[in-house]
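Novice: If you scroll down you'll find the structure; I have some questions about it.
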Amino acid sequence: MDVALYDFVRGPFLRFALFVFFLGIAYRFFRVVFLGLPPDYARPKGNPYYMAVKKILIKPTMGWTFNEIFSRRAVNYVGGFLFHLGFIGLTFLVPAHALLWQEITGLPMPTMPNIISDILAYAALGSLVVLTVHRALNPVLKLLTGKDEYFANFLIAIVLFTGLLATRWAGSGYVWLLSLHMLLADLLIIYIPFSRLSHFIYYFLSVGFMGWNAGKRGVSF
Amino acid sequence: MAVVVSKEEIGKEEIEKFYQFCKNSINTEVAAYLEACVRCGICAEACLFYMGENVAGRIDPTLTPAYKADLLRDIYKENYTFWGRIKKLLGFGVKITPEDLKEQVKLVFYTCTNCDRCTKACPMGIDTPRLVSIVRGALTYAGLTPKDLAEATNLSVEKGSPLGVDVQTFLQRLEFIADEYEVEIPIDKAPSDYLYLPSSIELMKFPSSVASAVKVLNRSGVKWTMSTIAHEATNFGLFAQSREVTKEMLRRVLEGAKALGVKHIITPECGHAYQSMRFVAPNIFPREWNFEVINIVEFIEKMIEKGNLKITKKVLKERSTLHDSCQIGRRGGVLREPRKILNMLAEDFKDSVLIPEHNICCGGGGGVLVIADADYYRQKAFISKMTLFDKVGAKTIVCYCANCMLALNKGSQELKRDYKFVSIVELVAEALEDQS
Amino acid sequence: MFKNMESLYDLYKNKGYSRREFLRSIMLLSATLGFPPSMFPDVVKALESRPKPAVIWLEFQDCAGCTESFIKSTSILPADVLLDYISLEYHETLMAPSGFYAEESKKEAIEKHRGRYILVVEGSVSPKDRGVYCTIGGKSNAELLQEAAEGAGLIIAVGSCASWGGIPYAYPNPTGAVAVSKLLKGKEVVNIPGCPPIGDVIVSVIAGYTITGKPPELDSLGRPKAFYGQTIHDRCYRRPFYNAGRFAESFDDEKAKKGYCLYKLGCKGPMTRNACATIRWNGGLSFPIQSGHPCFGCSEPDFWDRGFVYTPLSVVEGGFGPKEALLSVTVGAALGAGAAYLNKKLRGGK
């Protein structure tokens, strides 16, 4: 029984989820890309293309220079950073996940030791909880937050939690927990294209445009 | 002729017009910004209006920049996304009430100066001013521009300037300045290389500033002139986001510049004048606009580099700091130049920010200054600006935008503070004066 | 003394082993069964005094591999003691009688040891078509099973076939094979899965029954917790390399020889519960992973049908490679471009 569920979530269901994910993400990305841009005849003051690439690469390090914002929103900064570091690290570099990516991309992927993935998992899970609580309490975030955010946070948290349980504390329930982890992960993969979690793909567009504008205006920041 | 109208009553037609304008303004860039928002709310802490309220002990979450684009986002969603369209078909679409539009007026006209600070803080790089501009444009299109702004805009189309400066007044003022400050002002002198456009704010309220610019220009030894056709640098079309007004104002500049055959246009100490001529005009007149547009601060720096101007004397003795104009600085790329010049001029210059792009707006940009209803928010914004001045302990603040100076002066007086605001060009003129 | 009443100690004495050797075997046995040290005197007493267990071993759809494994179990009881102690009253492969006499002796044993004997079943049962696919002495296998199970003190399903259905049960399952427990509803069946299971485990479970008179503690799938409580992965000697993220890339490469984890080669250790990594095979000599082959997962239900023997556990079964990814991205991009085109048309305006 547990094995049947396991085979389902790592077989047909995962396949389906991946199809939905890639299709949905590509759809959302290109739906925006092909809307078109009006031409810009103003002579740029800097190099917009260089800045666009540069900003995409270094944008996550830029916000930290805003001391006064950091002092008010350290939770967002530190929590957000830890969460993204943990989530991205776990998604790509845990051996089991890396092998999946290796199959999908056909490229060799590096893997990371358990000790690092454990630290990342605790960091990501902890910061996610803190961020969610913060979201529920901060007046600005209360205004901005919809159901989507809470659901996404909950889903990611439970995926992280079951993954952590499965690798560390499963005992004899290993296959059950692993199946549950994979089932929830499949749901998360399907959910990404339908939600704001797909912001990762718009990051490239949005930050790219921001860098492009910075290059056009000749500012460094 | 009333190009921009300010209606009191909001009916179905206005809402429909607003909706259509928003819908039609979406392109890749805008859609990317609207989709990318992750609702982190960090932009709130970067917004001077929110910060001001916060310092005063009140938190008004609706001042969050991300929230200002939410109606636009909803309209985008139901016209450009699959689920949005289905929702609309099922009757769960966006329902805009007159109250919603009134709130939008408050959000985009009263509490946003298009200062771009939130863009720099946003982890996703969302250009909120771009989105706010669209909402402003939609409101203007629907005829809901705030009354004061609409009047000033119409006046600028009618008479040539938002302060009602027509050609006659313009010449009178220049004559007055020439007499008062003993300077020689070339008008409609062809052939010239440079065309200098003053802004009417300077002309009417800070004549010394114009005089200083004239002195500097004369001193630099270039062939320059002013024009009676292109006599106004400001462009209220940008504030109201009315394309017709923007085009009309720029057309006058274009005609004046063409008539004189100049190659370079020098914009005055005015934020959006630089913005409109440097970045907007080439897109409105893609073929005809062949001028190099530079700001007066850029011009001074260039002349110092070339050796035409020499500054050897420090004219500012006391502790001073610099206030950046958002449209010239953060959104125009002129940030290094004023600092370089000010270091030559001031003995005790201390920058109030770590990185120039972090500077806070005066609170009066984007037309907020002329809207009387926005005074409350502007004063709150001044409080957040003040924190930077007090941080470095400067009472003398150097500006390079007349509109900023006006707004800061107003705020300072209203809150009974004793800051002194000086124009950088004036300081340069002063330093040059004493040398020869 | 009646031959069948011999205890384990009697056997050791008769074969010329010392008491010390007897105690060593018992120590091993109680350690394998997971008994606490405080129980040791009781265990010794039980094996000194209790008569040796009577075992009836039935074979249905099987390969006799489990029997092989059983008779090669030498780490606990010495080879010459093993088969004398575990008194195989009926075992088609090992017994001397045949035909009519064999069936008679089974009947006799069932009657004689009713309520006490241990029934070991090897191979899956095929009740389909009234059991024509496997008959012995004119009786269908299902019938034989019911007959023998009725008076059994303990029923042990040995091997994956008896425990889950195994290879006869694999698709398309022409004989309609089922697991033993499926046919014996309401009776407790101890499953000792594996293809084959470890002989020492079979011996320990049987000996354990003589000591305690009770079946061992079982998990939800009917497996003794003492042997199937942990996964191979949990006790694997290559586990440190898994934790450190070091993996062998191909069979018997430099890394595999260094002892790196075989996860990438398709090791099913993480989801296979068995004692291979602790008890090991051939008297504790080695086990598949130690000899460089990834775990097959042979003791897990339906291992044969799952078909991903040499692909890592975490990859998509059925495959999702660059081709599929590219295909879905292309379709998505095309749909996106179409949507953008439509949106642009509907946008109108400037």
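The values are calculated or read from the model by the stated rules, or taken from the named source; none is laboratory data. For clarity, every value in this text was computed on a predicted model and none was experimentally measured. Every residue, glycine as well, gets a Cβ built from its backbone with ideal geometry; the counts of neighbours run over all protein chains shown. What goes into the accessible areas is simple: the full protein's heavy atoms, side chains included, and nothing from ligands, DNA or RNA. Shrake-Rupley method; radii C 1.70, N 1.55, O 1.52, S 1.80 Å.
Novice: Need pairs with beta-carbon distance below 6 Å; first residue open to solvent by 10 Å² or more (accessible area, probe 1.4 Å) and at pLDDT 90 or above and within the stretch B:213-229, second of a type in the set (S, T, N, Q) and in a loop (DSSP other than H, G, I, E, B); sequence gap 6+ or separate chains.
Specialist: B:223/B:192
Novice: Sticking with this structure for a sec: So how many residues does the stretch C:137-168 have that are over 10 Å from residue C:123 (Cα atoms) and open to solvent by 10 Å² or more (accessible area, probe 1.4 Å)?
Specialist: So the count comes out to 11.
Novice: Suppose the filter is outside the structural domain of residue B:19 (by TED's automatic domain parsing), open to solvent by 10 Å² or more (accessible area, probe 1.4 Å), farther than 30 Å from residue A:61 by Cα and in a loop (DSSP other than H, G, I, E, B); does residue B:93 pass it?
Specialist: Taking the combined requirement at face value, the residue does not satisfy it.
Novice: Okay, next question. Of all residues in the stretch C:263-287, count the ones that are under 18 Å from residue C:160 (Cβ atoms), out of contact with any helix residue (DSSP H, G or I) (no Cβ under 7 Å at 6 or more places or on another chain) and not hydrophobic (A, V, I, L, M, F, W, C).
Specialist: 1
Novice: Let me ask something else about it. State all residues of the stretch A:59-76 that are in a helix (DSSP H, G or I), under 25 Å from residue A:212 (Cβ atoms) and not polar (S, T, N, Q); if no residue qualifies, say none.
Specialist: A:59, A:60, A:62, A:63, A:64, A:69
Novice: Which residue, of C:60, C:22, C:70, is crowded, with 19+ Cβ neighbours inside 10 Å, free of Cβ contacts under 8 Å to residues at least 40 places away in the same chain and among the aromatic types (Phe, Trp, Tyr)?
Specialist: That would be C:22, the only listed residue that is crowded, with 19+ Cβ neighbours inside 10 Å, free of Cβ contacts under 8 Å to residues at least 40 places away in the same chain and among the aromatic types (Phe, Trp, Tyr).
Novice: Within the stretch A:61-98, count every residue that is more than 14 Å from chain C (Cβ to nearest Cβ), over 17 Å from the mean Cα position of the chain (by Cα) and among the aliphatic types (A, V, I, L, M).
Specialist: Result for the stretch A:61-98: 4.
Novice: Further question on the same structure: Go through C:169, C:209 for me and flag whichever is modelled with pLDDT of 90 or more, of a type in the set (Phe, Trp, Tyr) and closer than 29 Å to residue C:74 by Cβ.
Specialist: Checking each option against the conditions leaves just C:209.
Novice: Would you point out the residue of the stretch B:110-145, among those that are of a type in the set (D, E, K, R) and within 11 Å of another protein chain (Cβ to nearest Cβ), that is nearest to residue B:3 (Cα to Cα)?
Specialist: B:130
Novice: While we're here: Take the residues of the stretch C:209-233 that are part of a loop (DSSP other than H, G, I, E, B) and among the basic types (Lys, Arg): which is surrounded by the fewest Cβ atoms within 10 Å (Cβ to Cβ)?
Specialist: C:214
Novice: Looking at B:110, B:80 in this structure, which one is of a type in the set (Phe, Trp, Tyr) and more than 17 Å from residue B:37 (Cβ to Cβ)?
Specialist: B:110
Novice: Can you tell me which of (1) closer than 30 Å to residue A:76 by Cα; (2) facing another protein chain (nearest Cβ under 7 Å) is the one residue A:19 doesn't meet?
Specialist: Checking residue A:19 against (1) closer than 30 Å to residue A:76 by Cα; (2) facing another protein chain (nearest Cβ under 7 Å), the one that fails is (1).
Novice: Show me the strands (runs of 3 or more DSSP E) found entirely inside the stretch C:113-208 where at least 1 residues are over 20 Å from residue C:275 (Cα atoms) and touching a strand residue (DSSP E or B) at 6+ places or on another chain (Cβ under 7 Å).
Specialist: So the answer is C:118-122, C:154-158.
Novice: Also, I was wondering about something else. Could you tell me how many of the residues in the stretch C:246-263 are closer than 27 Å to residue A:173 by Cβ and either hydroxyl-bearing (Ser, Thr, Tyr) or buried (at least 24 other Cβ atoms within 10 Å of the Cβ) (or both)?
Specialist: Count: 3.
Novice: Among the residues of the stretch A:125-143, are any hydrophobic (A, V, I, L, M, F, W, C), touching a residue at least 60 places away in the same chain (Cβ under 8 Å) and in contact with a Phe, Trp or Tyr (Cβ under 8 Å, 6 or more places away or on another chain)?
Specialist: No, there is no match, as no residue in the stretch A:125-143 is hydrophobic (A, V, I, L, M, F, W, C), touching a residue at least 60 places away in the same chain (Cβ under 8 Å) and in contact with a Phe, Trp or Tyr (Cβ under 8 Å, 6 or more places away or on another chain).
Novice: Here's another thing I want to ask about it. Give the residue, chosen from B:423, B:412, that is of a type in the set (S, T, N, Q) and under 26 Å from residue B:310 (Cα atoms).
Specialist: B:423
Novice: Under 7 Å between Cβ atoms, which residue pairs at least 6 apart in sequence (or on different chains) link something in the stretch A:29-43 that is facing chain C (nearest Cβ under 7 Å) and outside any helix (DSSP H, G or I) with a partner that is at pLDDT below 90 and surrounded by fewer than 17 Cβ atoms within 10 Å (Cβ to Cβ)?
Specialist: A:35/C:344; A:36/C:344
Novice: Check residue B:234 against each of (1) crowded, with 24+ Cβ neighbours inside 10 Å; (2) β-branched (Val, Ile, Thr); (3) more than 16 Å from residue B:268 (Cα to Cα) and name the one condition it does not meet.
Specialist: (3)
Novice: Name every residue in the stretch B:62-75 that is facing chain A (nearest Cβ under 10 Å), in contact (Cβ under 8 Å) with a residue 12 or more places away in the chain, open to solvent by less than 30 Å² (accessible area, probe 1.4 Å) and assigned to a helix (DSSP H, G or I), in order of residue number.
Specialist: The answer is B:62, B:63, B:66.
Novice: Next question, about the same structure. If a residue must be within 13 Å of chain A (Cβ to nearest Cβ) and over 19 Å from residue B:274 (Cα atoms), how many such residues does the stretch B:322-345 contain?
Specialist: Matching residues across the stretch B:322-345 total 0.
Novice: Between residues in the stretch C:301-324 that are at the interface with chain A (Cβ under 7 Å from one of its Cβ atoms) and residues that are modelled with pLDDT under 75 and part of a helix (DSSP H, G or I), which pairs lie under 7 Å by C-beta distance while being six or more apart or on different chains?
Specialist: Pairs found: C:301/A:3; C:302/A:3.
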